[in-house]
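The values are calculated or read from the model by the stated rules, or taken from the named source; none is laboratory data. Please read these numbers as outputs of a predicted model, since none were measured by experiment. Ideal geometry is used to build each Cβ from the backbone, glycine not excepted, and the neighbour counts take in all protein chains shown.
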Amino acid sequence: MEQAIKVIHQLRDEGLIHEYAIGGAAALMFYTEPALTYDVGIFILTENEPSELVSLTPLYEALKAMGYLPRGKQVLIAGVPVQFIVAYNPLVVEAVQQAQVHQLGEMDVRVMTPEHLVAIALQTGRPKDRERVPLLLESGVVVQERLQPILQRHGLEERWQFFRGR
Amino acid sequence: MDWRNAGNFFAADEAVPSATALPSQLQRVIETEHRWREEIRALPIEAKLQILTEMQRWARAIRLATGRSPNPVWDIERR
């Protein structure tokens, strides 16, 4: 796992990605109990304008040169399947920009905040994402004062009310 | 439970009697699970990764036993 993070840092140092953050189920582990997942979701920012189409070819070429070959949507890096996802909307961009730094062994690793993980789960709305929200809430890691402005900025208050009211 | 709430997990929750009214054995099970989950949450990330890979091993065994393709199991120790 640490080796995979090291490779991602190398890609960042080489300018192939501008910034990254772990999101999805893999990020949960930093705040609450583990949830079953088969890959590490790495959300990335590139230097492109948000409106531009982003090609991940240079990234995959660099990984290939390091000996890490793609397998479907993932790249197996040092024994861990990694999925690179370009930050696809303003909420996800913000989540990558405002990620927290955690410690993984000797490595610093950027992980989306619990509040952003909740907001993204509400936004995507898939059952597996919605299941993550109670895990984070039960853990007491979600700070309402930080969550509310995120929900407001990204138009998710109604979904939050709906979720809370169920 | 009101039939109109059928399938609504959260509504169903409200119909569950309070823990104090449950038989003591069931109450102990709930409390134990609650305590275990709290202990797991407090573990360092390295230990949680070990738990996750164990979950992946079980998931793989189930998938194979039911004739499906195996899921990956992370090799978290690889350098």
Please work out which residue is surrounded by the fewest Cβ atoms within 10 Å (Cβ to Cβ), limiting yourself to segment A:4-42 and to residues that are among the small types (Gly, Ala, Ser) and in a loop (DSSP other than H, G, I, E, B).
-> A:GLY15
Please give the helices (runs of 4 or more DSSP H) falling wholly within segment A:51-166 in which 1 or more residues are over 29 Å from A:ARG12 (Cα atoms) and polar (S, T, N, Q).
-> A:132-139, A:144-153, A:157-165
Residues of segment B:16-37 being at pLDDT 85 or above and touching a helix residue (DSSP H, G or I) at 6+ places or on another chain (Cβ under 9 Å), in sequence order, are B:LEU26, B:GLN27, B:ILE30, B:GLU31, B:ARG37
Quick one: what pairs do we get from segment A:147-162, first residue in contact (Cβ under 8 Å) with a residue 12 or more places away in the chain, second part of a helix (DSSP H, G or I) and acidic (Asp, Glu), C-beta under 7 Å, 6+ apart or different chains?
-> A:LEU147/A:GLU115; A:ILE150/A:GLU115; A:LEU151/A:GLU157
Every residue from segment A:65-79 that is out of contact with any strand residue (DSSP E or B) (no Cβ under 6 Å at 6 or more places or on another chain) and within 13 Å of chain B (Cβ to nearest Cβ) | A:GLY67, A:ARG71, A:GLY72, A:LEU76, A:ILE77, A:ALA78, A:GLY79
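Conditions tested, residue by residue: (1) surrounded by 11 or more Cβ atoms within 10 Å (Cβ to Cβ); (2) in contact with a Phe, Trp or Tyr (Cβ under 6 Å, 6 or more places away or on another chain); (3) farther than 24 Å from A:GLU2 by Cα.
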position: B:PRO23; (1), (2), (3): no, no, yes
position: B:ARG28; (1), (2), (3): yes, no, yes
position: B:LEU49; (1), (2), (3): yes, no, no
position: B:LEU64; (1), (2), (3): yes, no, yes
position: B:GLY67; (1), (2), (3): no, no, yes
position: B:TRP74; (1), (2), (3): yes, no, no
Qualifying positions in segment A:16-30 - out of contact with any His (no Cβ under 7 Å at 6 or more places or on another chain) and closer than 14 Å to B:LEU49 by Cβ | A:ILE22, A:ALA25, A:ALA26, A:ALA27, A:LEU28, A:MET29
Name the residue, out of A:GLU33, A:GLU61, A:GLU52, that is over 17 Å from A:LYS6 (Cβ atoms), over 16 Å from the mean Cα position of the chain (by Cα) and either modelled with pLDDT under 90 or of a type in the set (S, T, N, Q) (or both).
-> A:GLU52
Among what's in segment B:21-74 and is part of a loop (DSSP other than H, G, I, E, B) and small (Gly, Ala, Ser), pick the residue that is nearest to the other protein chains (Cβ to nearest Cβ).
-> B:ALA42
Go through segment A:107-127 residue by residue and tally those that are more than 12 Å from A:TYR31 (Cα to Cα) and within 11 Å of chain B (Cβ to nearest Cβ).
-> 3
Criterion (away from chain B (no Cβ under 14 Å), surrounded by fewer than 21 Cβ atoms within 10 Å (Cβ to Cβ) and within 12 Å of the chain's Cα centre (by Cα)) met by exactly one of A:VAL96, A:VAL86 = A:VAL86
Would you check if there is a residue in segment A:123-137 being among the aliphatic types (A, V, I, L, M), surrounded by fewer than 16 Cβ atoms within 10 Å (Cβ to Cβ) and touching a Pro at 6+ places or on another chain (Cβ under 9 Å)?
-> no
